[in-house]
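Here is the structure we will look at.
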Amino acid sequence: SSGINAEWLLRPGGEAYLSIERYKESIDAFILGDKWDRARAVAREHAPQFEHRVEEEYVESLKRGGKAEELANVDVIAGLDLLANRGQWAKCLQTAENEGKEVLNKYVALYAAQLLQDGQPIQALGVFTQYGTSDNTANFNLYRRLCNDLFLTESFSSLTAFKTWSALRDVLAALVEKLPQNKEFFSLLQCAHLLSVRTSSAGHKQLFEIGAKSAVSLLRYTNYLIPDKAFFEAGIACRAIGWNNMAFVFLNRFLDICDAIEDGSTDMLDHSDFSDTDIPYDIVLPEDYSITEEDREEAKEWVLAVSMDQRVQQVLNTDERGCYEGSLLNVHNNVTSPQCILTGYPVLRGEVVFKNTSSVSNKDDWNVYVMARKVSHSVECQDVLTYLQTSTGAPANPSYSFT
């Protein structure tokens with residue numbers, strides 16, 4: 001039968017050709033019969049010009065056979081590519097770790113991109129948490145997409161989202177350390193940090209005001225965040241602590257942005273409420289609403305109801321500067337105040353100063369937060385304080401310690 005003929009050809013073929021010094025044919029026969037060690041030996045001893053071809057053929061045969069691990073022993077990149085193509089990411093990254101940072105970063109980025117493509121930003125964040133980020137500019141869009149997807153899908157106010165924001169904060173902090181001049185990633189880090197503070201405050205009544213302040217400070221970054229969500233969250237946080245004027249302004253803005261999303265244009269947005277603030281005008285509209293119809297309707301009803309209430313005015317709270325209280329910039333004299341590292345609010349006086357940096361915090365908010373951590377033993381608040389201690393050093397005025 002043809003099977004027997006093929007077998008007969010394969011077995012003696014390589015040896016037969018070798019005996020008459022037909023080295024190329026001998027090597028071809030051994031390759032055909034998967035006798036790689038014999039093919040290599042013949043090439044090495046008699047026909048070194050074919051050694052490279054034997055290895056090429058071997059790699060191709062491993063690829064065809066899907067033998068990724070054997071392939072990685074011969075051609076690491078080809079083996080890693082095969083593992084990646086087959087979705088064997090754990091094995092791929094484990095192997096890549098032994099090949100140095102550059103190779104590892106390449107496959108970490110490929111895996112994270114795949115996860116984002118599949119709508120799994122939390123898992124992509126987990127990959128960067130485990131393996132770190134790279135300052136390779138080719139990955140920047142990946143980090144932007146990761147932040148954007150998380151801003152879109154994760155809660156800005158729920159304690160359950162804290163782990164996500166603190167993980168994103170830590171990933172971005174490590175990236176910013178490598179890229180100290182990059183304003184965009186520094187801003188995204190500020191967003192993640194403020195969201196960590198905001199969500200750590202949930203469930204602790206004494207921290208609701210700090211949570212509201214961090215939600216309001218996030219509006220400074222609406223050109224990076226999802227704008228309708230940011231204004232909705234700030235409005236709801238202000239309403240929860242009775243800052244109804246601010247809630248009215250922010251929820252009104254939220255509804256205007258919803259109209260703009262429906263129209264697909266920001267042309268009709270009125271910026272007059274924010275003309276003397278550092279809240280940016282230039283926002284990128286999402287393709288669709290990020291807040292549910294039920295929440296949109298509820299916000300609309302509340303705004304309509306309070307617009308009839310003489311006690312509520314469409315004005316932002318102002319401070320001793322005569323400026324909007326959340327603005328770092330004093331529009332009257334162009335002086336920029338330092339930002340509280342806890343709430344993002346301007347620090348005007350009564351500050352806690354930190355040893356290793358020029359960072360400051362509002363004394364009253366700092367004390368409330370540290371005390372709440374002491375009383376509640378909140379792991380989330382402790383995580384925020386540990387992050388601040390790592391990035392800024394301990395407070396220089398010892399009466400305001402972390403403990």
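Applying a threshold of 8 Å to beta carbon distances and a minimum spacing of six or more residues, or different chains, the list of pairs starting in the range 158-170 at a residue that is more than 14 Å from SER201 (Cβ to Cβ) and ending at one that is surrounded by fewer than 21 Cβ atoms within 10 Å (Cβ to Cβ) and of a type in the set (Ser, Thr, Tyr) reads ALA167/THR129; ARG169/TYR387; ASP170/THR129; ASP170/TYR387. Selection over the range 158-188 of residues that are of a type in the set (Ser, Thr, Tyr), in contact with a helix residue (DSSP H, G or I) (Cβ under 7 Å, 6 or more places away or on another chain) and surrounded by fewer than 19 Cβ atoms within 10 Å (Cβ to Cβ) gives a count of 2. Scanning the range 290-321 for residues that are open to solvent by less than 70 Å² (accessible area, probe 1.4 Å) and over 19 Å from ARG220 (Cβ atoms) yields ILE291, ASP295, ARG296, ALA299, TRP302, VAL303, ALA305, VAL306, SER307, ASP309, VAL312. For LYS213, the criteria (1) modelled with pLDDT of 95 or more; (2) buried (at least 24 other Cβ atoms within 10 Å of the Cβ); (3) under 18 Å from LEU285 (Cα atoms); (4) not β-branched (Val, Ile, Thr) hold in every case but one, which is (3).
If you filter the range 230-288 down to residues that are in contact with a Pro (Cβ under 8 Å, 6 or more places away or on another chain) and within 26 Å of THR336 (Cα to Cα), you find that the one that is most open to solvent (accessible area, probe 1.4 Å) is VAL284.
Count of the range 1-20 residues, restricted to those that are open to solvent by 50 Å² or more (accessible area, probe 1.4 Å) and modelled with pLDDT of 70 or more, is 0.
Listed here are the residues, each with its yes/no results for (1) open to solvent by less than 30 Å² (accessible area, probe 1.4 Å); (2) under 18 Å from SER187 (Cα atoms); (3) in contact with a helix residue (DSSP H, G or I) (Cβ under 8 Å, 6 or more places away or on another chain); (4) free of Cβ contacts under 8 Å to residues at least 40 places away in the same chain.
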residue: GLY326; (1), (2), (3), (4): yes, yes, yes, no
residue: ASN330; (1), (2), (3), (4): yes, no, no, yes
residue: THR336; (1), (2), (3), (4): no, yes, no, yes
residue: GLN382; (1), (2), (3), (4): no, no, yes, yes
residue: THR392; (1), (2), (3), (4): yes, yes, no, no
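Counting only helices (runs of 4 or more DSSP H) wholly contained in the range 82-177, the ones carrying 1 or more residues that are among the small types (Gly, Ala, Ser) and at pLDDT below 90 occupy 89-97.
Within the range 338-346, can one find any residue that is closer than 22 Å to GLU177 by Cα and open to solvent by 50 Å² or more (accessible area, probe 1.4 Å)?
yes
The values are calculated or read from the model by the stated rules, or taken from the named source; none is laboratory data. Everything numeric in this text was worked out from a predicted model, so none of it was measured. No Cβ is skipped: glycine too gets one built from the backbone with ideal geometry, and neighbour counts run over all protein chains shown. For accessibility, only protein heavy atoms count, side chains too; no ligands or nucleic acids. Shrake-Rupley method; radii C 1.70, N 1.55, O 1.52, S 1.80 Å.
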